[in-house]
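Structure in structure tokens, see below.
The values are calculated or read from the model by the stated rules, or taken from the named source; none is laboratory data. Small disclaimer: the values here were computed from a predicted structure and weren't measured. Neighbour counts are summed over all protein chains in view; Cβ atoms, including those assigned to glycine, are modelled from backbone coordinates with ideal geometry.
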């Protein structure tokens, strides 16, 4: 009868109180273990950055094909033009705010030297600028030299089609089925598509058979799924492009259950 607890008693019997303490401790310990397992079981976020709200000023040459970009001279390379050598450039892809490409903002500025403002988006292997509308100002300087396109031959790669804006830093994770709907909308809005290999180590800008931009809805049915692409690998400056024919894309068969 000593272990019988009455609600209005000042405290529970010692044996019953000890049992309750052990149960509470076990539940607390289990909760901590489950939290740690869920935390460390998650895939780590990629080292990608979107400098939201931080406007930077950039100067360079507008390139509109295949997708809008700004060619920015690398530090220490600008003097090479005087020796007759091509200047060395980094290519920063350009997008508009939201889920929109920058085509309409730079269409009349191909080959022009400009100053512009925008928010930097970057991830190892790629850099992008989200333009601040109305910030583009032409400069009174001559056009920059452009790197030639080099054909590196046919390749077969396995990976995933993503939209470059989210993948490079605006969303995290910017790939996989959880990002499928967002990526489809971004590509439909004119965001440049890129192909990321299965190990996530390589990125390729996707272009059509003529080396031009792909149709905005050409890849919609193949976003965020594992694909094997066969195409022609191109190199232009520091950018690698994969020339494909969207008509040849095929869904990979699902694994048997």
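Could you figure out which of (1) within 19 Å of residue 61 (Cβ to Cβ); (2) without any contact (Cβ under 8 Å) to a residue 12 or more places away in the chain isn't true of residue 199?
Every condition holds for residue 199 apart from (1).
If you don't mind, there's one more thing I want to ask. Out of 34, 24, I need the residue that is under 51 Å from the mean Cα position of the chain (by Cα), surrounded by 10 or more Cβ atoms within 10 Å (Cβ to Cβ), outside the structural domain of residue 201 (by TED's automatic domain parsing) and modelled with pLDDT under 85. Which one?
After ruling out the rest, the residue left standing is 34.
Take residue 201 and decide whether it is surrounded by 13 or more Cβ atoms within 10 Å (Cβ to Cβ) and closer than 28 Å to residue 51 by Cα.
The answer is no for residue 201.
Further question on the same structure: Which residues, counting only those in the range 73-86, are closer than 21 Å to residue 205 by Cβ and at pLDDT below 75?
The answer is 86, and nothing else.
Also, quick follow-up: Output the number of residues of the range 124-135 satisfying the condition of being more than 14 Å from residue 71 (Cα to Cα) and at pLDDT 85 or above.
Total satisfying the criteria: 6.
Considering only residues of the range 55-68 that are in contact with a helix residue (DSSP H, G or I) (Cβ under 9 Å, 6 or more places away or on another chain) and assigned to a strand (DSSP E or B), which is nearest to residue 109 (Cα to Cα)?
Looking at residues that are in contact with a helix residue (DSSP H, G or I) (Cβ under 9 Å, 6 or more places away or on another chain) and assigned to a strand (DSSP E or B), I get 62.
Conditions: (1) under 24 Å from residue 57 (Cα atoms); (2) at pLDDT 90 or above. Residue 146 meets all but one. Number of the miss?
Every condition holds for residue 146 apart from (2).
Within the range 167-190, does at least one residue satisfy the condition of being closer than 23 Å to residue 70 by Cα, out of contact with any strand residue (DSSP E or B) (no Cβ under 7 Å at 6 or more places or on another chain) and modelled with pLDDT of 90 or more?
There is at least one residue in the range 167-190 that is closer than 23 Å to residue 70 by Cα, out of contact with any strand residue (DSSP E or B) (no Cβ under 7 Å at 6 or more places or on another chain) and modelled with pLDDT of 90 or more.
Within the range 224-237, can one find any residue that is assigned by TED's automatic domain parsing to the domain that holds residue 155, assigned to a loop (DSSP other than H, G, I, E, B) and farther than 17 Å from residue 179 by Cβ?
Yes, the range 224-237 has at least one match.
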